[in-house]
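Report on the following structure.
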Amino acid sequence: MDIIAKIKEASAYIRSITRAVPNIAIVLGTGLGDFASNVENPVIIPYGEIPHFPVSTVEGHAGRLVIGGLCGKTVLVMQGRFHYYEGYSLEQATFGVRVVRELGCSNLLLTNAAGGVNVEYKPGDLVLVQDHINLSGISPLRGRNLAEYGTRFPDMADVYSREFNERVAAAAAEIEVQLRRGVYVFMPGPQFETAAEIRMARVIGADVVGMSTVPEAIVAAHMRMRTTCISCVTNMGTGVLDAPIDHAGINEVAKQAESNFTKIVCKIVEMS
Ligand code: HPA
């Protein structure tokens, strides 16, 4: 079946359950999934019920859409995302973002757990992503262009909306939530990086490293969505500290950042 037909079937299914058009879609990263419990009067749709939707296989990713009210707006929360390292193609990994756009939503907040590359960062810090480096060598746009959604050679100059980011930064200052600004480098994983890879990431201008987000941001840019991204630094990159990195620790630190995360996400939702 053609990918566009699949996107349309998935969105038609969601519409058959709720007619709500979200002001913003929020993709929750590792350890940040509990945030979905803030959604009021939620309509919950497990990914497994939605035609053609992949099912997330990672611990800490629930795998459902939560649609409802938040901070005075209508939000669609993707509680759980799909990663390349799980074995999905990038077309599958970004399917949810296509569906969100098909539902008529043009604002996107991507969130993730990330390793700190910038030595001034510390675990628990929140970073407003300004730009990314795609070190994976792969693109979700490879193959036939979906001309209905966007152009063959999309511009990446504003992949994270500068206008949106400036407003987010101002709002964070107002509510006294420390928000760093940085560049996210995408590594395909699932292995964490070597110390040499982290040193390289620093040299080429990265501040945080992770295994998600960039494919979704590229697809969103293809569809001219207004995207912003918050990374939660859950650990320092390999070699920065003399401490092992593990998935459980990442979930733990993400939970500790929850209060500031919730405050800033509410501000972002209000702006959508
Ligand atoms: N590297 C890659 N991805 C990550 C990390 C990391 O150190 N921490 C959380 N996600």
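Readers should treat all values here as calculations from the given coordinates under stated rules, not as data from a laboratory. Quantities reported herein were computed from a predicted structural model and do not represent experimental measurements. All Cβ positions, even for glycine, are placed from backbone atoms using ideal geometry, and neighbour counts span all protein chains on display.
Sequentially through region 168-177, phi angles give Karplus couplings (6.51, -1.76, 1.60; θ = phi - 60°) of 5, 4, 5, 5, 5, 4, 4, 8, 6, 9 Hz, Gly and Pro residues having no value and appearing as x. Among HIS132, HIS222, HIS247, sorting on how many other beta-carbon atoms sit within 10 Å of each Cβ, with the fewest leading, yields HIS247, HIS132, HIS222. Estimated purely from DSSP H runs of n ≥ 4, each contributing -39500 (n - 2.57), the mean residue ellipticity at 222 nm for the chain is -9000 deg cm²/dmol once divided by its residues. By other beta-carbon atoms within 10 Å, ranking ASP131, ASP246 with the fewest at the front produces ASP246, ASP131.
What trypsin sites (Lys or Arg not before Pro) in region 1-73 are in a loop by DSSP, with at most 15 other Cβ atoms within 10 Å of the Cβ? In loop regions of region 1-73 (DSSP not H, G, I, E or B), the sparsely surrounded trypsin sites (Lys or Arg not before Pro) are ARG19.
To the nearest ten degrees, helix 247-256 and the longest principal axis of the Cα atoms of the chain are 80 degrees apart. Helix 3-17 versus the longest principal axis of the chain: what angle, 0 to 90°, nearest 10, using Cα atoms? So the inclination is approximately 80 degrees.
Taking Cβ separations below 4.7 Å as the criterion for a possible disulfide partner, the isolated cysteines in the chain are CYS105, CYS229, CYS232. Among the listed pairs LYS6/LYS255; LYS122/LYS263; LYS8/LYS267, those with a Cα-Cα distance over 28 Å are LYS6/LYS255; LYS8/LYS267.
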